[in-house]
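Data first, discussion second: the structure below is written as C-alpha cells.
The values are calculated or read from the model by the stated rules, or taken from the named source; none is laboratory data. Computed from a prediction, not measured in an experiment: that's the story for all the values here. Quick reminder, even Gly has a Cβ in these numbers, built from the backbone with ideal geometry, and neighbours come from all protein chains shown. When the accessible area is computed, the model is the full protein with side chains, heavy atoms only, and any ligands, DNA or RNA have been set aside. Shrake-Rupley method; radii C 1.70, N 1.55, O 1.52, S 1.80 Å.
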Amino acid sequence: MVTTHNLGFPRIGAKRELKFGLESYWKGQSSLSELKSLGAQLRQRHWINQANLDWVPVGDFAFYDQMLDMSFTLGNLPGRVRGFHGDSLDNYFRVARGRSAHGVDHAGCCGGGVAAGEMTKWFDTNYHYIVPEFSAGTEFQLDSSRLLEQLAEAKAQGVKAKPVIVGPVTYLALGKAKDESDRLALLPRLLPVYAQLLAELGAQGVEWVQVDEPLLVTELDADWQHAFNAAYHQLKSCGVKLLVATYFGPLQENMYLAANLPVAGLHVDAVNGREDVVPLLNMLPTHKVLSLGVINGRNIWKTDLNRLLDWLEPLRDRLGDRLWIAPSCSLLHVPVDLGSEKKLDAELKSWLAFALQKLHELEVLATALNMGRDWARDALAANQAAVDSRRVSPRVHDPAVQAAVAGLTLDLGRRHSVYEQRAATQAALLKLPAYPTTTIGSFPQTAEIRHARSEFRAGRLDQAGYKLAMQREIARSVKEQEALGLDVLVHGEAERNDMVEYFGEQLDGYAFSEFGWVQSYGSRCVKPPILFGDISRPKAMTVEWIRYAQSLTAKPMKGMLTGPVTILNWSFVRDDQPRSRSCFQLALAIREEVLDLERAGVRVIQIDEAALREGLPLRKSQWKTYLDWAVESFRITANGVRDETQIHTHMCYSEFNDIIESIAGMDADVITIETSRSDMELLDAFDHFKYPNEIGPGVYDIHSPNIPTQAHIEQLMRKAAERIPASRLWVNPDCGLKTRAWEEVIPALTNMVAAARALRAA
Ligand SMILES: Nc1nc2c(c(=O)[nH]1)N[C@@H](CNc1ccc(C(=O)N[C@@H](CCC(=O)N[C@@H](CCC(=O)N[C@@H](CCC(=O)O)C(=O)O)C(=O)O)C(=O)O)cc1)CN2
Ligand SMILES: [Zn+2]
C-alpha cells in the first residue's frame, strides 16, 4: 500500500485568523491565553482537514516562524533576551519583532530596547524566517515543551502524528555567526540536543519524525556534505524513524549523499526534481522509504493526475509499501481553500487547487495507486476535463502577445545615450541639490486606507468616494513631504493593496483571489495574483494617480511601478511555459506604462525590482541564464524612455557582490538599496566593480520602530562617500514605509533631511 502524508499546513488560517489574533494581542486588545487557545483551535481544525492522510504533520504550526520555534526548542536564544521573566511566548515575540527602547510592553512593565532578530528569505520563496544567531560560545539546551504539548494535543484528538522539525544541518547553515566563527564547529554541541529531542518523541510513542533538510538541494562544499553524514550517524539510533525531507528542487550531485544517510526514509521534490527519481531509486538502499513530493506545493494549479499516474504506477510496482506520496514541500506557500472563493469564474476555478484541494488530489492518487484507477474513475475524469480545458483555452493564449514576444529585439532595452550624457541632461532639468533626498514609494497604509478599500470592495463606498479618499491620502503625503523638505517626492501608494497584486488586478491574463493569502512573515500576508494567460495591459494603470500627485507640487514626483521580474516572482505563475516568457510579456506591458507616464510629463520613474535577487536559482550554475532574461526584461521595461527621463530602481534584501555586473547591466540612472543594517559594507560591491550610475544606499531600517538619529545617518553617508563619489549619492530609507506609522515616519525623515543638509553644507 502507498502511504500518504503532508509536510506542513498553512497556519495563518483560511480567513487569516492567526494574523488577526496576533495583531490584537500585540496591540493589547486580547490576552495571551486567548492567543494560545486560538493557536490550539487552528491546529485542531488543520488536523481535521488532514484526517484522511496516513501521517499528519505536528509541530508545523508556529505563532511567528518555524525557524524561531526551532531556536527556542534548541535553547538558542540571543543573549539579549535571556533572563526574561515573563511567558516564553512573549520572549519569542521580543526576538521576532524587537522592542523599542522606551516602550511599555504588553504586560505593562518597562522593558529596555531589544533589537529584533534578522529576517531573511526562506530559500527561493517569499516567506521570511528569523535567522538563528550563533557565536563561538553558543551552547544549546533542549526545551521540548512546545513540541511535546502539541504532540499531546494531537494524540488526544486521535491524530496520526508525525512530528516535524528543522534538521540540524539546515538549521546551522541558515543561521549566522555574529562573531564570524565557524558555525559547523557547533555541530558536536548541537547533535546531543537533537538526539535528546528525538528520544523524548520516541518515548511518547512517535514512530516517524520528519526532519527537514532542504539544504540538500543547494550546492554543498565538502565540509557541509560531511556534516550531513556526521549528523545522521549520530542520530541514527535515537529510537524513532527519521524521514529526511528535501524540497524546492532536485538533489542532483547530492543524490548519493542523501540516498545513503543512515535514516529510514527520504522525501524528495518530485515536481522540480522529477528527473532525479529513477537514478535515486537505483541507489537507494532497499530498506528505505521513498517519499515522492508529487503535488506542487509552490503553485495553485491542479495536477494532471492521469499523467502523473502513468509515471507513478511503475514506481509503485517497484517500491510497493516503500512508496509514500506527498506535496512537494510544506503547503505553507499556498492559500488554504479554493472553496472560499466566490468571485473567481467557474472555468478558472476548475483549473486551480489550494491546500485543501491538493490534499484531495493526494487522496485520489492513493486510491488509484492502491485500488486501481477504476476506483477513482469519476475524480480522474473530472481532473482530466479541467486540465484539458486549461490547455486549449483561448483565455490562456493571445496570439498578439505571443507575436510581440517573438519579435523582441535587443534595441528595445537600450537607452539612447550612455549614463554620463543622460545624467547631464537630467541634472539640468531636475536641478537637484547634492545628496538629494527621496523615499522608496509607500507611506503608511493606515487603518483608514485599508478600511476605505474594504468598504469600496464591499460596495458600501462608490468609485467616486473611494477615489476621493485616496486622493486625500495622496494630498496628505505630498504635504508632509513638502514640509519635510524632501527633494524628489512620491505619491505614497495609498491606492495599492500590494505592489504586485495591484498590477495583477489591472493586467489581462491575471486573476486574483479574495482569500488566497500566504504568510510572508509573522502576521503579514500577501495575496499573490494568479498569472494564468498571456499578459497584456488594457489601459494605463497608474498615470491618473501620479498626475494628480504631480499637480499638487512643483517638486519632481516619481512615477512608481513594480518591475516585471518582481511581479513574476511574487505571483503564482503558469507552469505551461517558461518563466522567462511570462516575464518578457510582463516587461512589454509595464514598458507601455512607463512610456505613458513619460508622455504625461513624469520626469522620474521608479521601477521596483525588490525580488530580482531572491529569484536567483538555488544553484549557482543556473544563475547566468536567469540573470540574462531577468535583466533583459527590466531593460525592455525601463529603457525605452528619452534621455531626459530619469529611471530609478529599488531593491531590498540586497547582497550584490556576486551579481553586481547584472545590476549594472540594468542601466538604471539611480538604484536605491537596503544597506543600513550592514553599515554600508554592501557598498563595497559597487565600489570594487566601479558601479557607474547613481546610488541611494538606505540610511535606516524601516523594519524597526526605532527613530534613526541625524548623527547616525550622517555617519552612514560619510561611510558611503568613502566608497562612492558624493556626486552620485542619494539619501533615502532602506525600503518603503507602508508598515510604519506616521508618528514614526515624520521624525525619522526629519532627521534624514537634516542629515542631508548638513552633508551639503560640509
Ligand atoms: N507581494 C509582496 N511581497 C513582498 C513584499 C510586498 O510588499 N509585496 N514585501 C516584502 C514582505 N513584506 C511585506 C510587508 C507588508 C505586508 C503587508 O502589510 N501585508 C498586509 C496585506 C496587504 C494587503 O493586501 N492589503 C489589502 C487588504 C487589507 C485587509 O486585510 N483588509 C481587511 C479590512 C480592513 C477594514 O475593513 O478595516 C480585511 O480584508 O479583512 C488592502 O490594502 O486592500 C497584511 O498582511 O496585513 C506583506 C509583506 C517581501 N515580499
Ligand atoms: Zn524594498
- Message: As an exercise: evaluate residue 735 against (1) open to solvent by 10 Å² or more (accessible area, probe 1.4 Å); (2) more than 16 Å from ligand 1 (Cβ to nearest atom); (3) at pLDDT 95 or above and give the number of the one condition it does not meet.
- Response: (2)
- State which residue is farthest from ligand 2 (Cβ to nearest atom) when the search covers only the stretch 460-485 and only residues that are open to solvent by less than 60 Å² (accessible area, probe 1.4 Å) and small (Gly, Ala, Ser). 465
- Can you find even one residue in the stretch 714-723 that is surrounded by 15 or more Cβ atoms within 10 Å (Cβ to Cβ), of a type in the set (Gly, Ala, Ser), in contact (Cβ under 8 Å) with a residue 40 or more places away in the chain and within 17 Å of residue 489 (Cα to Cα)? no
- Message: Within the stretch 280-294, does at least one residue satisfy the condition of being basic (Lys, Arg) and within 23 Å of residue 219 (Cβ to Cβ)?
- Response: no
- Could you say which residue among 740, 757 is charged (D, E, K, R), at pLDDT 95 or above and in a helix (DSSP H, G or I)? 757
- Pick from the stretch 201-217 the residues that are closer than 21 Å to residue 280 by Cβ and not in a strand (DSSP E or B): which of them is most open to solvent (accessible area, probe 1.4 Å)? 215
- Residues in the stretch 542-564: is at least one within 16 Å of ligand 2 (Cβ to nearest atom), among the aliphatic types (A, V, I, L, M) and over 14 Å from the mean Cα position of the chain (by Cα)? yes
- Message: Of all residues being surrounded by fewer than 18 Cβ atoms within 10 Å (Cβ to Cβ) and touching a helix residue (DSSP H, G or I) at 6+ places or on another chain (Cβ under 9 Å) in the stretch 238-254, which is farthest from residue 163 (Cα to Cα)? Just the residue, please.
- Response: 252
- Item | Residue, surrounded by the fewest Cβ atoms within 10 Å (Cβ to Cβ), within the stretch 587-615, restricted to residues that are part of a loop (DSSP other than H, G, I, E, B) and away from ligand 1 (no atom under 16 Å from the Cβ) | 601
- Message: Can you pull out every residue in the stretch 19-54 that is in contact (Cβ under 8 Å) with a residue 24 or more places away in the chain and in contact with a Ser or Thr (Cβ under 7 Å, 6 or more places away or on another chain)?
- Response: 19, 22, 23, 53, 54
- Item | Every residue from the stretch 33-53 that is aliphatic (A, V, I, L, M) and either within 28 Å of residue 5 (Cβ to Cβ) or open to solvent by 30 Å² or more (accessible area, probe 1.4 Å) (or both) | 38, 40, 42, 48, 51, 53
- Message: Report every pair of residues separated by at least 6 positions or lying on different chains whose Cβ atoms are under 6 Å apart, first residue within the stretch 430-455 and open to solvent by less than 10 Å² (accessible area, probe 1.4 Å) and part of a loop (DSSP other than H, G, I, E, B), second away from ligand 2 (no atom under 16 Å from the Cβ) and among the hydrophobic types (A, V, I, L, M, F, W, C).
- Response: 444/741; 444/742
- Residues in the stretch 223-258 that are of a type in the set (Phe, Trp, Tyr) and either assigned to a loop (DSSP other than H, G, I, E, B) or touching a residue at least 40 places away in the same chain (Cβ under 8 Å) (or both) total 4
- Query: Taking the stretch 591-640 on its own, how many of its residues are closer than 17 Å to residue 662 by Cα, within 16 Å of ligand 2 (Cβ to nearest atom) and not basic (Lys, Arg)?
  - Reply: 9
- Just one of the numbered conditions (1) touching a residue at least 40 places away in the same chain (Cβ under 8 Å); (2) more than 16 Å from ligand 1 (Cβ to nearest atom); (3) of a type in the set (Ser, Thr, Tyr); (4) within 24 Å of residue 702 (Cβ to Cβ) is not true of residue 678; which one? (1)
- Query: Within the stretch 659-672, is even one residue over 29 Å from residue 405 (Cα atoms), within 21 Å of the chain's Cα centre (by Cα) and within 16 Å of ligand 2 (Cβ to nearest atom)?
  - Reply: yes
- Matching helices (runs of 4 or more DSSP H) fully within the stretch 489-575 where at least 2 residues are charged (D, E, K, R): 501-506, 543-551
- Message: Please count how many residues of the stretch 501-521 are without any contact (Cβ under 8 Å) to a residue 40 or more places away in the chain and of a type in the set (S, T, N, Q).
- Response: 1
- (1) at pLDDT 95 or above; (2) open to solvent by less than 60 Å² (accessible area, probe 1.4 Å); (3) in contact with a helix residue (DSSP H, G or I) (Cβ under 6 Å, 6 or more places away or on another chain); (4) closer than 20 Å to residue 73 by Cβ all hold for residue 234 apart from (2)
- Query: Considering 220, 198, which residue is part of a loop (DSSP other than H, G, I, E, B) and not small (Gly, Ala, Ser)?
  - Reply: 220
- Task: Please note which helices (runs of 4 or more DSSP H) are completely contained in the stretch 1-87 and include at least 3 residues that are in contact with a strand residue (DSSP E or B) (Cβ under 8 Å, 6 or more places away or on another chain) and farther than 27 Å from residue 325 by Cα.
- Result: 66-73
- Query: Got at least one residue in the stretch 632-640 being β-branched (Val, Ile, Thr) and more than 16 Å from ligand 1 (Cβ to nearest atom)?
  - Reply: yes
- Residues (of a type in the set (Gly, Ala, Ser) and closer than 15 Å to residue 715 by Cα) located in the stretch 725-747: 726
- Mind telling me which of the residues 621, 580, 633 ends up being in contact with an Asp or Glu (Cβ under 8 Å, 6 or more places away or on another chain) and either touching a residue at least 24 places away in the same chain (Cβ under 8 Å) or not in a helix (DSSP H, G or I) (or both)? 621
- Message: Need pairs with beta-carbon distance below 6 Å; first residue among the polar types (S, T, N, Q) and within the stretch 130-146, second open to solvent by 50 Å² or more (accessible area, probe 1.4 Å); sequence gap 6+ or separate chains.
- Response: 135/178; 135/179; 144/200
- Query: Do you know which residues across the stretch 384-397 are open to solvent by less than 50 Å² (accessible area, probe 1.4 Å) and under 17 Å from residue 585 (Cα atoms)?
  - Reply: 396
- Query: How many residues, within the stretch 641-675, are open to solvent by 30 Å² or more (accessible area, probe 1.4 Å) and more than 16 Å from ligand 1 (Cβ to nearest atom)?
  - Reply: 6
- Those residues of the stretch 486-500 which are without any contact (Cβ under 8 Å) to a residue 60 or more places away in the chain, within 16 Å of ligand 2 (Cβ to nearest atom) and open to solvent by less than 20 Å² (accessible area, probe 1.4 Å), in sequence order: 492, 496
